[in-house]
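Contents: one structure, followed by commentary.
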Amino acid sequence: MVRGLLFVLMAGVVACGGGGGGGPSVSFQLAGTSPNAGEIGASTEGALAFSFTRPIDIGSLSASTIRLETLGGVVVAGVIDVQAFNAANVRFQSNTTLRFNTIYRVTLKGNITSSTGSRLGEDVTFTFITGNPTPTVRPDQVVDLGNLLNVPRFHARGIRARNGRVYFFGGYTNPETVTDTIEVFDPETRVFTLLPAKMGSPRADHTVTLLETGKILITGGVATADGPPLRTTGFFDPSDETIVAGPDMNVARSWHAASLHFDGASVFVSGGFDDAGDGLTSAEFLLTDWTLVDSELPVPTAQHVQFGFNFDNQYIGVGGFDSTGALYTGAALVARPETVGGARFRGQALPSGDGSKLIVFGGDTPSVIMYDLAAGFTTSGSESINPRRGDHSVTHWGPPNQYLIAGGEDIANGAGPDALDTMVVARYTGDVQLHKVVNVTLPVDFSGHVGIELNDGTTLLAGGIGDRVNDHSRRVVLVTID
């Protein structure tokens, strides 16, 4: 730990300066810090230490000359003192424990003075990132609820409504059959109920989007295995659990992407597969009716992700078959290539805790990328969500910027059963640095399933498939992470 730390490596330098004698003169400057500048995983105890090349004038030290704060400018109060037997070493002890997974900034002002009157001169500023406790999962935190779904649901879509209930729409019940059913999960009773309402057409590989009105918009998909995509849409109302038809899209789409339009009450969709199984380059949005965007995606795109930034008419689609995404600003779709190559078909994504960034997990690569409107793409260079996986689920858990990646298809496995029974628990800072990863085993394989964060912070995993041939699943598992 930092407390009581001696800067042994600097002892020879310190001995040379300041006290007279025959040694060469040493200028007054900062010689070392703990934590180091840019350190990741620093202690949250709040004990900082600074080594200077000459003894310090303690009178020049104060809360205004040594400052610890968050990047948001929240100052951390603490006690400053000088090491008793070497006045060139200064310690700062915060009054409170620092927060986990947080970037802190340290500023040493230029008017800090040595005991002989020399000033530091330039302000010195650096940042460090506190570490995280390793997430833990006890056996009782992965609860296998059994085959609770009323029908198997592979490539179904699920969403948590404003009332806290989770709705499941469509999906494959077997390799040849798609269902038009809707069912609801009540977290209080842990009961799944098949609703009288039907979607008007069987659907799989469709989208569901929660509108600001509280209604859920369902778009596209396929009605039969390997069948042509649909243009039809529907509005589901959780308040009375009824559904009405919506206007048809201009283009039939399956495995496309959808996100809220800028007004929060309508939806923007892009890409997907056409009736020949090729990727689409078109995009459209729904106001009172569907309107095609004049420009097109830079490459055919399907099995991709998309996100609307604060409803401000800006969207990013991260490519399915190519390493190119697109940004829509309300005027045109602009190509935004990734900083590293590689397609990300069947990847999954969620926004950062403050909603300013999109974090994309996996696809046809085990890496993680972050998209920021100003900076573009940033790739995590330290960790990955091995093995390569697609058709997995990603949910938030606990505090912001913490994610649970569950199951998926092992894309690297060329033949045979390829669904995964592993989970990855990930925590990220603003620089998309992955700090802690814990691999956890699920009671069954999950791929093409629904993953939903419930109001109590637990994650619901339901449906999907095991070997992608016969095991269309009704299985339900609840996961809780400390």
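The values are calculated or read from the model by the stated rules, or taken from the named source; none is laboratory data. All values derive from a computational prediction rather than experimental measurement. Backbone-built Cβ (ideal geometry, glycine too); neighbour counts: all protein chains shown. Just so you know, the surface numbers come from the protein's heavy atoms only, side chains and all, with ligands and any DNA or RNA stripped out. Shrake-Rupley method; radii C 1.70, N 1.55, O 1.52, S 1.80 Å.
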Qualifying residue in the range 115-129 (condition: touching a residue at least 12 places away in the same chain (Cβ under 8 Å), closer than 27 Å to V440 by Cβ and either assigned to a strand (DSSP E or B) or in contact with a strand residue (DSSP E or B) (Cβ under 9 Å, 6 or more places away or on another chain) (or both)): yes
Residue within the range 210-217 that is over 24 Å from the mean Cα position of the chain (by Cα), within 25 Å of T329 (Cα to Cα), of a type outside the set (G, A, S) and open to solvent by 40 Å² or more (accessible area, probe 1.4 Å) present: yes
Residue count for the range 442-456, restricted to those that are open to solvent by less than 30 Å² (accessible area, probe 1.4 Å) and in a loop (DSSP other than H, G, I, E, B): 4
Boolean, L48 is modelled with pLDDT of 95 or more, in contact with a Pro (Cβ under 8 Å, 6 or more places away or on another chain) and either part of a strand (DSSP E or B) or buried (at least 20 other Cβ atoms within 10 Å of the Cβ) (or both): yes
Flag if R336 is touching a residue at least 40 places away in the same chain (Cβ under 8 Å), open to solvent by 40 Å² or more (accessible area, probe 1.4 Å) and among the charged types (D, E, K, R): yes
The range 351-367, residues that are at pLDDT 80 or above and open to solvent by less than 20 Å² (accessible area, probe 1.4 Å): S352, L358, I359, V360, F361, G362, G363
Answer from A265, A283, A258, A252 - the residue that is over 21 Å from P152 (Cα atoms) and open to solvent by 40 Å² or more (accessible area, probe 1.4 Å): A265
Any hit, the range 313-326, residues being among the hydroxyl-bearing types (S, T, Y), in contact with a strand residue (DSSP E or B) (Cβ under 7 Å, 6 or more places away or on another chain), surrounded by fewer than 14 Cβ atoms within 10 Å (Cβ to Cβ) and over 19 Å from H206 (Cα atoms): no
Hits in the range 25-77 - residues which are of a type in the set (S, T, Y) and either touching a Leu at 6+ places or on another chain (Cβ under 6 Å) or within 11 Å of V90 (Cβ to Cβ) (or both): T33, S34, T44, S51, S60, T65
Of the criteria (1) farther than 22 Å from G308 by Cα; (2) open to solvent by less than 30 Å² (accessible area, probe 1.4 Å); (3) modelled with pLDDT under 75; (4) assigned to a loop (DSSP other than H, G, I, E, B), which one V432 fails: (1)
Of residues in the range 218-234 being open to solvent by less than 10 Å² (accessible area, probe 1.4 Å) and of a type in the set (S, T, Y), the one nearest to the chain's Cα centre (by Cα): T219
Matching residues, the range 143-171, being under 21 Å from F235 (Cα atoms) and either more than 29 Å from the chain's Cα centre (by Cα) or of a type outside the set (G, A, S) (or both): R153, H155, R157, I159, R160, R162, N163, R165, V166, Y167, F168, F169
Pick from the range 114-132, criterion under 17 Å from L71 (Cβ atoms) and open to solvent by 50 Å² or more (accessible area, probe 1.4 Å), ranking: nearest to the chain's Cα centre (by Cα): T127
Some residue of the range 235-248 being crowded, with 22+ Cβ neighbours inside 10 Å, in contact with a Ser or Thr (Cβ under 6 Å, 6 or more places away or on another chain) and not in a loop (DSSP other than H, G, I, E, B): no
Counted residues, the range 296-329 - those being closer than 18 Å to D274 by Cα and of a type outside the set (A, V, I, L, M): 11
Count of residues meeting criterion [closer than 22 Å to G32 by Cβ, in contact with a strand residue (DSSP E or B) (Cβ under 8 Å, 6 or more places away or on another chain), open to solvent by 40 Å² or more (accessible area, probe 1.4 Å) and free of Cβ contacts under 8 Å to residues at least 40 places away in the same chain] in the range 64-106: 4
Condition check for T288: farther than 18 Å from G220 by Cα, at pLDDT below 90 and either open to solvent by 20 Å² or more (accessible area, probe 1.4 Å) or in contact with a Gly (Cβ under 6 Å, 6 or more places away or on another chain) (or both): no
